[in-house]
Amino acid sequence: MFEKFDADARQTIVAAKSKALARGDQQIGAAHLLYALTVTDGVAARVLAGLGVHAATAEQALGTVGGGTGGAGSAEALRAIGIDLGEVRRKAEESFGEGALDRVLPGSAARGRARRWAGERSSLDQDVRTALGMSLTAARNLHSGYIGTEHLLLGLVGAGERSASAVPGLLARAGLDAARVRKRVVAEMSRAAS
């Protein structure tokens, strides 16, 4: 499937993976994909910007998603008592170098994360797998010979409509309505084709 991705769509997946790794998240989730769609070039970034969804909006959505091995509950509990895990990691890396916290825990996080990220399929959560499958369907329905960021966005929205997962809440928090997104994507694609 990835061979059908255009350069921007490939860069989006790389950006989502980088964001997940930077946060210490075990898998690429829908919030990582939404963030990546806002920061990479392509139709999706223009559509999202037109709808008022920027990197900061996606960062807020990421803030509601648990990271690292502790999960959402641990991150939320620490945040409730004033501990920001991102800030802790930033300060540790500022003082001791990149990946300092991974080096402190011998044999745990860094090696485990490297094993998890070794296979692309295992690094995608179910919501993202669904979104990628639906992006292929969107590309076919729009008679595209490739999968671009616009198709990834449509796949994410489609996954939100068919999923009992966190995707619908994520999209709602970002202020994204499926019908408006679809309409904007089609309009942007028509404009780009002109």
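Just a few scattered comments:
- If you go through the stretch 178-194 and pick out every residue that is under 13 Å from residue 158 (Cα atoms), out of contact with any helix residue (DSSP H, G or I) (no Cβ under 8 Å at 6 or more places or on another chain) and either surrounded by 12 or more Cβ atoms within 10 Å (Cβ to Cβ) or modelled with pLDDT of 90 or more (or both), you end up with 1.
- Residue check, residue 59 over 19 Å from residue 125 (Cβ atoms) and part of a helix (DSSP H, G or I): no
- Failed item, numbered, when residue 18 is tested on (1) over 30 Å from residue 183 (Cβ atoms); (2) at pLDDT below 90: (2)
- Subset tally (residues that are under 17 Å from residue 14 (Cα atoms) and either at pLDDT below 90 or not in a loop (DSSP other than H, G, I, E, B) (or both)) for the stretch 128-148: 6
- Taken over the stretch 33-56, the criterion of being touching a residue at least 40 places away in the same chain (Cβ under 8 Å) and in a helix (DSSP H, G or I) is satisfied by 33, 34, 37, 43, 44, 45, 46, 47, 48, 50.
Condition check ((1) surrounded by 20 or more Cβ atoms within 10 Å (Cβ to Cβ); (2) touching a strand residue (DSSP E or B) at 6+ places or on another chain (Cβ under 8 Å)) across all residues:
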{"position": "2", "(1), (2)": "no, no"}
{"position": "7", "(1), (2)": "no, no"}
{"position": "12", "(1), (2)": "yes, no"}
{"position": "15", "(1), (2)": "no, no"}
{"position": "20", "(1), (2)": "yes, yes"}
{"position": "29", "(1), (2)": "yes, no"}
{"position": "32", "(1), (2)": "yes, no"}
{"position": "36", "(1), (2)": "yes, no"}
{"position": "44", "(1), (2)": "yes, no"}
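The values are calculated or read from the model by the stated rules, or taken from the named source; none is laboratory data. Note that this is a predicted model, so its numbers are computed, not measured. When we count neighbours, we look across all protein chains shown, and the Cβ atoms used for this are built from the backbone with ideal geometry, even at glycine.
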